[in-house]
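**Q** So that we are looking at the same thing, I have put the structure below in structure tokens.
The values are calculated or read from the model by the stated rules, or taken from the named source; none is laboratory data. Quantities reported herein were computed from a predicted structural model and do not represent experimental measurements. Glycine also receives a Cβ, built like all others from the backbone with ideal geometry; neighbour counts cover every protein chain displayed. Each accessible area value is taken on the protein alone, full model and side chains, heavy atoms only, with ligands, DNA and RNA left out. Shrake-Rupley method; radii C 1.70, N 1.55, O 1.52, S 1.80 Å.
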Amino acid sequence: MKVLIVGSGGREHAIAWKIAQSKKVDKIYCAPGNAGIAGIAECVPIGAMEFEKLADFAQENEIGLTVVGMDAPLVGGIVDVFEARGLRVFGPRKNAAVIEGSKVFSKDLMKRYGIPTAAYEMFDNASAAIDYLKTSQYPIVVKADGLALGKGALICNNFEEAKEAVRTLMLDKEFGEAGSQIVIEEFLVGREVSVLCFCDGTTIKPMTSAQDHKRAKDGDQGLNTGGMGTFSPSPFYTRELDEYCVKHIYQPTMDAMKKEGRDFVGVLFVGLILPEKGPQVLEYNARFGDPETQVVLPRMKNDIVEVFEACIDGTLDKIDLEFEDNAAVCVILASDGYPEKYEKGFAIAGLDTFKNKKDYFCFHAGSKFNDEGVLVTNGGRVLGVTALGKNLIEARANAYRATEWVDFENKYMRNDIGKAIDEVE
Ligand code: AMP
Ligand code: GLY
């Protein structure tokens, strides 16, 4: 079968790498892809939001399965366009992807179905929001309703900061229409864990857990980013917690979506926080996480294409998801200055060292071949270096060792990815 992947980040590189191992696949395309993905797939110069062109390509090239990695096309309805043409596609339809596309929708869903989440109020009017904030407890969290590249949640320590957050989102419209409605929610304290779940509309099966590091700098300082590194599994997400979450969060979410006529087929990413009062949902995403995927898929034993097909066909209950009893750590190599201003176009050296090493991976995010055919940096997050190990400590040592193999000007990384591991091992 031929497979088309839609997206261009490290997540899509990891998905492509995993699909390449499927017995069912003989050719992979990726639109638009990146320089790393080009090593295993044929990259096609069609943008992720060009739904009709992508569907034309899938029809003309007899693509048997399209896998959508990114949030914006899913929220925009790419799956509906493909299905209307009778094309097989993995991901939620527009009416289900809204679980990520609108925080007002997802918070309301959780409230109505008793799914644990931070207490909140929603506003579509800045002065009403500011009035509410005058008598609020601090810290508090102000969130844009819509997609904001993972940067739409602002933690505010006092009234002045919160007022500024409302101004940024609702009046200055820093994230455009995403900020025309906002959610103001209770600030929770606890560890965070990301759990990606396969869903077929009725059955939901969690994959192994992961933990992201969202802030740009060591010690969780600096601005929020798309993610600076991950580890899997999270030692804080125990088997008991998983069982609790299946019963009180994952399955109720599936059932709620079904009841609303919004059957969720695809990957539901549940962002959890674990305060003392028990796990609470911070956010839902309608897709694989980035860089969570770069530590979860290298540990997965199943043929991923069989799992994608089971989700589409409604037979996920027949699949046993299996993960290796090992650990993985991913360290993002970024361009210095990310997530603000940074330079690109610097030559990347050292990637040959990854060849033929089965426990080490270099997933590309922002890379390209320049006009001279040289591999250069082409984004804020450039590469994700993932390493496996028999446990988290070993995986972390391996990942940091592998970061030294790679060189480019302005290379920047956090040096404390997986520091939390030391508290348990
Ligand atoms: P979100 O986009 O909703 O996932 O939020 C991004 C990040 O902001 C989360 O990963 C948390 O670190 C933080 N955050 C969001 N909501 C809360 C909350 N209610 N309490 C504490 N931290 C939060
Ligand atoms: N790593 C967070 C996300 O993918 O949204």
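**Q** Starting from one equal scatterer on each C-alpha and no solvent at all, send me the Debye-based log10 I(q)/I(0) for the stretch 313-382 at q = 0.28 Å⁻¹, two decimals.
**A** Here log10 of I(q) over I(0) equals -1.30.
**Q** So for the chain, taking the charge dipole from beta-carbon charges (+1 Lys/Arg, -1 Asp/Glu), which of VAL424, ALA118, GLY229 sits furthest toward the positive end?
**A** Going by the charge dipole, the pick is VAL424.
**Q** Related question: Roughly speaking, what is the stretch gain from ASP371 to VAL189, that is 0.36 nm per residue apart minus the C-alpha to C-alpha distance, in nm to one decimal?
**A** Contour length minus Cα-Cα distance gives 60.6 nm.
**Q** Could you tally the net charge around PHE308, taking each other residue with its Cβ under 11 Å from the Cβ of PHE308, Lys/Arg +1 and Asp/Glu -1?
**A** Net charge around PHE308: -2.
**Q** Hand me the GluC sites (Glu not before Pro) from the stretch 24-115 located in a DSSP loop with no more than 13 other Cβ atoms within 10 Å, in residue order please.
**A** Those that pass, being in a loop and sparsely packed, are GLU62.
**Q** Cα convex hull of the stretch 305-425: how many Å³ per residue?
**A** Cα-based convex hull of the stretch 305-425, divided per residue, equals 167 Å³.
**Q** Spin-label point model (7 Å from Cα, Cβ direction): what's the ASN410 to GLU423 distance in nm?
**A** Distance between label points: 3.5 nm.
**Q** Please get the size of the charge dipole for the stretch 152-268, origin at its Cα centre, with Cβ charges of +1 on Lys and Arg and -1 on Asp and Glu, quoted in debye to the nearest 20.
**A** In total the dipole reaches around 220 debye.
**Q** Describe numerically, in nm with one decimal, the distance between label points set 7 Å from Cα along Cα→Cβ at ASP172 and at LYS357.
**A** 4.2
**Q** Reported to two decimal places, what Rg/Rh ratio describes the chain when computed on Cα atoms with Rh from the Kirkwood expression?
**A** Rounded to two decimals, Rg over Rh is 0.95.
**Q** Dipole magnitude of the chain about its Cα centre, charges +1 at Lys/Arg Cβ and -1 at Asp/Glu Cβ only, in debye to the nearest 20?
**A** 260
**Q** Using 0.36 nm times the number of residues separating GLN137 and GLN251, minus their current alpha carbon distance, what extension gain do you get?
**A** Result for the pair: 37.8 nm of gain on full extension.
**Q** Just the number, please: carbon plus sulfur as a percent of the accessible area of the stretch 245-309, 1.4 Å probe, no ligands or DNA/RNA counted.
**A** Ligands and nucleic acids excluded, carbon and sulfur give 44 percent.
**Q** Shifting gears a bit: Pick from ARG191, ARG239, ARG299: which is most flexible by mean-square fluctuation in a GNM of the chain where alpha carbon atoms under 10 Å apart are linked?
**A** Judging by the Gaussian network model, the answer is ARG239.
**Q** Residues in the stretch 9-41, backbone N under 15 Å from the label point at GLU62 (7 Å along the Cα-to-beta-carbon vector): list them, ranges by number please.
**A** Of the residues in the stretch 9-41, 25-28 have backbone N under 15 Å from the label point off GLU62.
**Q** Under a GNM of the chain (C-alpha, springs under 10 Å), which listed residue has the highest mean-square fluctuation: THR135, THR386, THR225?
**A** THR135
**Q** Kindly provide the trypsin sites (Lys or Arg not before Pro) of the stretch 11-96 that DSSP labels as loop, not H, G, I, E or B, and whose Cβ sees at most 14 other Cβ atoms within 10 Å.
**A** In loop regions of the stretch 11-96 (DSSP not H, G, I, E or B), the sparsely surrounded trypsin sites (Lys or Arg not before Pro) are LYS23, ARG85.
**Q** Hey, in the GNM for the chain with a 10 angstrom Cα cutoff, which one of ALA365, ALA210, ALA20 fluctuates hardest?
**A** Comparing ALA365, ALA210, ALA20 in the GNM, the peak value goes to ALA20.
**Q** How large is the accessible surface per residue of the chain, computed with a 1.4 Å probe and reported in Å² as a whole number?
**A** Accessible surface, normalised per residue, equals 42 Å².
**Q** Considering the options MET300, LEU316, ASN285, tell which one lies farthest towards the positive end of the dipole of the stretch 284-335, charges being +1 on Lys and Arg and -1 on Asp and Glu at the Cβ, about the Cα centre.
**A** ASN285
**Q** From Cα pairs below 8 angstrom and at least 6 apart in sequence, can you work out the relative contact order of the stretch 18-97, rounded to a whole percent?
**A** 21
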